[in-house]
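Colleague: Take this structure first; my questions come after.
We did not get these values from a lab; they are worked out from the coordinates using the rules stated. For clarity, every value in this text was computed on a predicted model and none was experimentally measured. Note: ideal-geometry Cβ built from the backbone for every residue, glycine included; neighbour counts use all protein chains shown.
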Amino acid sequence: MKIEPQTSNIKHRVDVAVIDVIAHNAKTDEAVLVMNEAHTWDGSDAQLHALQERFNAYASFLLDGELAESHPELAKKHARIEVRCDHIPDARALELLGMIHDQLSFQEIKMEVVVVRNVESRMPKH
């Protein structure tokens, strides 16, 4: 997947959402919007609300033509939002992510959650 080293400067109404990474996956020929979630999931209402707002902004970026405007080469591609987490989401976050997945599928937008661990967390401590 070709990852562009830039972030979008598109900001939305709550200022929580900026598109972290916009990429083209040549293998699947998809436009991929990456949402990085490095924090520990605590299931709080505030955290879930912020997550929902970020997804609203990402979906709006795709559906309102902002992707086509800023990256015309990706305009006609199928889209996927990839949530990259350092920690496995808790039960409340998983429930919300499932509902978001279902809603995005109605708009023909794929969504997947990928748990990644940074190198430091995998290294043994001496």
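Colleague: Amide H of Met35: which non-local residues (sequence gap of 5 or more, or other chain) have their own amide H closer than 5 Å, using H built in the peptide plane?
Modeller: Glu82, Val83, Arg84
Colleague: Applying the Karplus parametrisation 6.51 cos²θ - 1.76 cosθ + 1.60 with θ = phi - 60° to the phi angles of the stretch 86-91, what ³J(HN,Hα) value in whole Hz is obtained for each residue in order, glycine and proline being reported as x?
Modeller: Going residue by residue, I get 7, 10, 5, x, 6, 4 Hz, with x marking Gly and Pro.
Colleague: Using a 7 Å offset from the Cα along the Cα-to-Cβ direction at both Glu108 and Arg84, what is the distance between the two label points in nm, to one decimal?
Modeller: The modelled label-to-label distance comes out at 2.8 nm.
Colleague: Neighbouring Cβ atoms within 10 Å as the yardstick, rank Ser44, Ser60 fewest first.
Modeller: Values: Ser44 12, Ser60 15.
Fewest to most other Cβ atoms nearby, the residues stand as Ser44, Ser60.
Colleague: What's the extension gain from Asn25 to Ser44 if we count 0.36 nm per residue and subtract their Cα-Cα distance?
Modeller: In short, 3.5 nm is gained.
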